[in-house]
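Novice: There's a structure below that I have some questions on.
The values are calculated or read from the model by the stated rules, or taken from the named source; none is laboratory data. Treat the numbers as computed from the prediction; the structure is a model and nothing was measured. When we count neighbours, we look across all protein chains shown, and the Cβ atoms used for this are built from the backbone with ideal geometry, even at glycine.
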Amino acid sequence: MRQGAPAVPAAENETVISEVAGDTRIAGETRIVVPAQDLVLHNALIADDLQAAALRVLASGRYILPPSSSSSSSPPPPSSPVSWSPLSPARALVPAASSPSRSPPSEVRGFEDEAALALGVSHAVGVSSGTDAILAMLMALGVGPGDEVVTTPFSFIATAAAIARLGARPVFADVEPATLTLDPDAAAARVGPRTRAVLTVHLFGRAARSEPLETTCTARGIALVEDAAQAIGVVDGTGRRAGAIGRGAALSFFPTKNLGGFGDAGMVITNDGALAAAVRLLRTHGATTKFHHVVLGGNFRLDELQAALLRAKLPHLPAWTTARRRIAGIYRDALSSLPLDPPPPDPGCVWNQFVVRVPGGRRDELAAHLTRNRIATTVYYPEPLHLQPCFATLGYRRGDFPIAERASSEVLGLPIYPELTDDQIQAVVDGIRQFYL
Ligand SMILES: Cc1ncc(COP(=O)(O)O)c(C=O)c1O
């Protein structure tokens with residue numbers, strides 16, 4: 001068992017019922033602590049790779065991605081290239097042995113190429129966050145005032161907010177009871193003359209079913225797009241990967257995601273060259289060259305530093321996903337005889353979260369019990385999107401989406417991340433078993 005591993009607070013976009021932090025020793029007795037995340041440990045295990053990547057960027061003088069079709073507008077390399085050393089700060093600024101004759105290659109572009117290859121898509125476009133990935137993708141599809149976009153009420157706010165920020169109307173359809181992903185039949189039924197796109201969400205790392213939604217979208221000539229913020233590398237029931245299920249997918253590299261950055265970062269992945277080109281343009285204020293703006297975009301750039309760090313982490317993603325799947329399997333087996341509902345098995349799921357349903361109005365009681373046992377839990381999501389105050393003007397009421405509403409009162413996320421030890425996994429299982437004794 002690890003001792004004193006610092007617990008990292010759960011993400012700001014998560015509702016924390018119990019936050020476990022601190023020592024593993026209480027009054028001389030050793031207790032197992034299971035934090036919601038252990039990002040310090042997660043990143044420390046590959047510290048050398050991360051430091052090398054960071055130092056490469058620091059020394060490069062290139063920190064910002066230039067406009068897409070421009071090479072002339074890229075920031076010049078430093079006039080006196082330096083090498084950075086974390087070990088000798090006093091001598092950190094030392095002229096490098098040889099001066100590069102041109103700008104160093106972009107970390108963002110390198111990361112995009114490597115991510116596209118790893119994720120089995122033709123195009124990857126790095127952006128500033130998962131939120132901006134959704135926004136830019138919808139902008140690229142021309143979503144705007146007067147349009148409707150059909151989506152799920154059971155997701156993080158960014159999903160529906162991106163639609164509303166463009167002046168379009170989020171039109172919700174209920175979720176499937178077992179998976180809590182958008183019900184494709186219910187969504188197809190909400191597609192109408194104003195529908196510009198359908199935004200499905202691969203929730204908790206599980207691919208949403210997209211049949212018969214795809215057929216409806218194809219027949220109506222509208223785009224199905226994926227919010228895969230929680231589901232990098234997910235494979236759906238038909239064997240397709242995120243980004244290839246719909247026109248494109250948005251990924252998030254929020255630190256607690258399966259591929260987590262060191263701040264905010266995201267990506268659009270797609271096999272659609274035109275969509276990728278449009279997102280590339282939009283992410284640099286619609287500029288084709290410096291100070292020449294052909295469309296209104298935004299500052300949706302991915303930083304060179306984030307890209308370099310994510311590039312260092314990317315090769316580890318398959319092993320981390322395997323570890324998450326193993327933990328999910330253990331939880332499922334161990335919890336199946338208890339009066340709660342573990343999430344259904346799914347070989348393509350990448351388990352960003354392991355969210356159980358606690359029936360009988362006992363969710364908060366179980367969470368409190370686990371807190372007393374120093375096990376962190378998180379509620380995803382305590383209030384469905386159609387009932388959020390910011391969407392009051394949409395006119396939805398409690399009772400409109402009963403499956404999502406019921407889920408909000410029953411869901412409880414258990415700790416799941418690659419570094420969980422067998423002792424910690426067992427402590428979670430034992431803690432839940434004890435509750436039902
Ligand atoms: C389903 C979903 N969509 C979108 C986002 C937004 O991603 P980001 O936090 O990178 O902006 C998140 C992040 O938590 C998410 O979980």
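Novice: When region 164-190 is examined, which residues are found to be among the polar types (S, T, N, Q) and away from the ligand (no atom under 16 Å from the Cβ)?
Specialist: none
Novice: Return a yes/no flag: does region 279-298 have any residue that is touching a strand residue (DSSP E or B) at 6+ places or on another chain (Cβ under 6 Å), over 18 Å from S128 (Cβ atoms) and either within 16 Å of the ligand (Cβ to nearest atom) or in contact (Cβ under 8 Å) with a residue 12 or more places away in the chain (or both).
Specialist: Yes, some residue in region 279-298 is touching a strand residue (DSSP E or B) at 6+ places or on another chain (Cβ under 6 Å), over 18 Å from S128 (Cβ atoms) and either within 16 Å of the ligand (Cβ to nearest atom) or in contact (Cβ under 8 Å) with a residue 12 or more places away in the chain (or both).
Novice: Of A278, A274, which residue is buried (at least 19 other Cβ atoms within 10 Å of the Cβ) and modelled with pLDDT of 95 or more?
Specialist: Sole residue among the options that is buried (at least 19 other Cβ atoms within 10 Å of the Cβ) and modelled with pLDDT of 95 or more: A278.
Novice: Residues of region 155-192 being touching a residue at least 60 places away in the same chain (Cβ under 8 Å), crowded, with 22+ Cβ neighbours inside 10 Å and β-branched (V, I, T), which ones?
Specialist: Residues satisfying the conditions are T159, V175.
Novice: Go through region 191-223 and count every residue that is hydrophobic (A, V, I, L, M, F, W, C) and within 16 Å of the ligand (Cβ to nearest atom).
Specialist: Number of matching residues: 8.
Novice: Restricting to region 9-67, give me the number of residues that are assigned to a loop (DSSP other than H, G, I, E, B) and either at pLDDT 80 or above or under 22 Å from the mean Cα position of the chain (by Cα) (or both).
Specialist: Of the residues in that region, 21 qualify.
Novice: Sort through T152, T215, T195 and tell me the only one that's in contact with a strand residue (DSSP E or B) (Cβ under 6 Å, 6 or more places away or on another chain), surrounded by fewer than 22 Cβ atoms within 10 Å (Cβ to Cβ) and β-branched (V, I, T).
Specialist: Step by step, each of T152, T215, T195 is checked, and only T195 is in contact with a strand residue (DSSP E or B) (Cβ under 6 Å, 6 or more places away or on another chain), surrounded by fewer than 22 Cβ atoms within 10 Å (Cβ to Cβ) and β-branched (V, I, T).
Novice: Looking at the structure I just gave you, is G246 within 16 Å of the ligand (Cβ to nearest atom), out of contact with any Phe, Trp or Tyr (no Cβ under 7 Å at 6 or more places or on another chain) and closer than 19 Å to F111 by Cα?
Specialist: Considered against the rule, which asks whether it is within 16 Å of the ligand (Cβ to nearest atom), out of contact with any Phe, Trp or Tyr (no Cβ under 7 Å at 6 or more places or on another chain) and closer than 19 Å to F111 by Cα, G246 comes out as no.
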